[in-house]
Amino acid sequence: MTTSPFALSQRVQRVKLSANAAASARAAALIAQGRDVLVLTVGEPDFDTPEPIKQAAIAALARGETKYTATPGTATLRASISGKYQRENALSYPPAQIIVANGAKQVIYQALAATVDAGDEVIVPTPYWPSFPDIVRINDATPVTVDCDESSAFKLSAQALEQAITPQTRWLILNSPGNPTGAIYRRDELQALAEVLRRHPRVLVLWDEIYEHIWFNAEAPVHLLHVAPDLKERTLLVNGASKTYAMTGWRIGWGAGPAALVQAMIVVQSQASSAPNSIGQAATAWALEAADQSFVTQARVAYAARAALVTEGLNRIAGLSLLGPQGSLFAYVNCSGLIGLVRPDGAVIGSDADVVEWLLEAEGVAAVDGASFGLSPYFRISIAASESVLSDAVGRIERAVGALRKEVAAAA
């Protein structure tokens with residue numbers, strides 16, 4: 001018996017492969033075997049990057065913009081992001097308070113790497129994007145998860161926040177519109193959270209607004225810093241080009257926050273990756289400054305229609321229920337009515353992981369189990385697919401659930 005010379009660090013053993021990546025890999029393996037699978041695991045817009053943005057990248061290539069850029073991003077892109085915040089959000093962030101990274105996930109990682117140590121705590125409302133607690137863990141801190149169930153529309157209450165804060169709390173992470181539920185915080189809810197935070201000045205706030213432009217209500221979501229501008233000096237805004245402009249593969253995200261925090265994140269980035277790619281930065285700068293932002297509006301309208309289609313369709317299926325998403329690219333489906341049912345092969349559905357396995361096996365619908373997001377029994381599907389694909393998915397899910405019910409009826 002041989003022993004591997006590669007002893008893994010405690011840090012890496014505290015985390016696991018992204019649930020989205022694992023589910024997508026499983027679906028890809030089945031597709032490679034010839035299975036017909038609808039992959040609804042990742043929040044990746046099915047739209048192509050708008051042609052003018054691609055042309056801006058080509059123009060940057062032609063100009064020879066193929067070299068290293070400054071570690072925090074090009075002056076041009078940081079100025080464009082600064083302008084975006086002033087123009088769209090009425091917030092002042094000079095370029096020196098902005099860092100550009102290889103996607104928003106890297107921004108979050110670097111913010112925590114720069115600010116937390118072993119023993120520190122980070123409050124993460126549940127259900128959460130799985131990377132939130134794992135990024136906390138890989139940076140040696142402790143995620144403190146706070147359950148926010150369907151009765152609270154999956155949102156953190158002021159009372160729950162107050163109870164979760166301890167002398168070790170360093171950050172509160174808020175995501176609105178949220179992944180996986182599509183929840184959006186109202187003004188009064190943010191006001192109540194801000195009142196708690198004012199009593200705890202040591203707690204920083206990470207405001208993840210990556211789905212800022214994907215919302216389905218009559219009015220745009222309220223920004224935390226419009227409700228509580230006094231929190232600006234301890235808040236990091238995290239955003240990027242991936243969702244708004246269908247630029248996931250370009251890997252451009254950014255953070256805007258207090259100068260001292262951003263400078264510390266730049267130090268981390270200088271040793272982790274240096275700057276993101278030059279061409280992606282040029283394309284993103286063009287996207288942010290373009291006079292024609294019709295793609296953003298058209299995409300939002302399309303996503304809203306898809307959310308309505310999925311909400312209506314799944315709520316017709318006995319055993320499932322869905323609190324319709326208010327934004328983002330996901331639907332978080334309550335499958336408690338399926339727990340305890342029996343598959344045609346006699347296996348019992350004992351968890352949301354079993355539900356997801358059955359949907360994939362029976363009808364080729366790839367979803368992600370709710371346990372991966374910290375709250376069961378649910379499963380998440382992406383609505384970043386065409387209406388025809390989503391209609392097909394609803395039909396397949398209905399057939400899969402129907403097979404469970406027929407088996408139970410026959411057994412009775």
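The values are calculated or read from the model by the stated rules, or taken from the named source; none is laboratory data. Computed from a prediction, not measured in an experiment: that's the story for all the values here. Glycine gets a Cβ as well: all are built from the backbone with ideal geometry, and neighbour counts include every protein chain shown. Heavy atoms of the whole protein, side chains included, go into the accessibility calculation; ligands, DNA and RNA do not. Shrake-Rupley method; radii C 1.70, N 1.55, O 1.52, S 1.80 Å.
Considering each residue of the range 319-328 in turn, at least one proves to be over 17 Å from residue 180 (Cα atoms) and of a type outside the set (Lys, Arg).
From the list 245, 303, the lone residue that is among the hydroxyl-bearing types (Ser, Thr, Tyr) and either more than 28 Å from residue 193 (Cβ to Cβ) or touching a helix residue (DSSP H, G or I) at 6+ places or on another chain (Cβ under 8 Å) (or both) is 245. Would you confirm, using the coordinates I've provided, whether residue 260 is at pLDDT 95 or above, surrounded by fewer than 19 Cβ atoms within 10 Å (Cβ to Cβ), more than 21 Å from residue 209 (Cβ to Cβ) and of a type in the set (A, V, I, L, M)? When the stated conditions are applied, residue 260 passes them. Residues that are free of Cβ contacts under 8 Å to residues at least 12 places away in the same chain and part of a loop (DSSP other than H, G, I, E, B) do not occur anywhere in the range 313-330. When you check residue 292 against the structure, is it of a type in the set (Asp, Glu) and open to solvent by less than 50 Å² (accessible area, probe 1.4 Å), yes or no? No, not satisfied. Got at least one residue in the range 13-21 being surrounded by 10 or more Cβ atoms within 10 Å (Cβ to Cβ), more than 27 Å from residue 391 (Cβ to Cβ), of a type in the set (Lys, Arg) and touching a residue at least 60 places away in the same chain (Cβ under 8 Å)? Yes, that holds for at least one residue. Considering 177, 201, 221, 258, the condition of being under 21 Å from the mean Cα position of the chain (by Cα) and more than 27 Å from residue 369 (Cβ to Cβ) is satisfied by 221 alone. Condition first: modelled with pLDDT of 95 or more, touching a strand residue (DSSP E or B) at 6+ places or on another chain (Cβ under 9 Å), surrounded by 20 or more Cβ atoms within 10 Å (Cβ to Cβ) and under 22 Å from residue 281 (Cβ atoms). Can you find one or more residues in the range 51-59 that meet it? No, the conditions are met nowhere in the range 51-59. For residues in the range 331-354 being within 21 Å of the chain's Cα centre (by Cα) and not in a helix (DSSP H, G or I), which is surrounded by the most Cβ atoms within 10 Å (Cβ to Cβ)? The selected residue is 331. Condition check: open to solvent by 60 Å² or more (accessible area, probe 1.4 Å), in a helix (DSSP H, G or I) and modelled with pLDDT of 95 or more. Does residue 388 satisfy that? Considered against the rule, which asks whether it is open to solvent by 60 Å² or more (accessible area, probe 1.4 Å), in a helix (DSSP H, G or I) and modelled with pLDDT of 95 or more, residue 388 comes out as yes. Tell me, which residue of the range 148-171 that is among the polar types (S, T, N, Q) and not in a helix (DSSP H, G or I) is most open to solvent (accessible area, probe 1.4 Å)? Among residues in the range 148-171 that are among the polar types (S, T, N, Q) and not in a helix (DSSP H, G or I), the one most open to solvent (accessible area, probe 1.4 Å) is 168.
For every residue, the table says whether it meets (1) open to solvent by 20 Å² or more (accessible area, probe 1.4 Å); (2) of a type in the set (A, V, I, L, M); (3) within 20 Å of residue 26 (Cβ to Cβ).
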site: 304; (1), (2), (3): yes, yes, no
site: 316; (1), (2), (3): yes, no, no
site: 322; (1), (2), (3): no, yes, no
site: 357; (1), (2), (3): yes, no, yes
site: 378; (1), (2), (3): no, no, yes
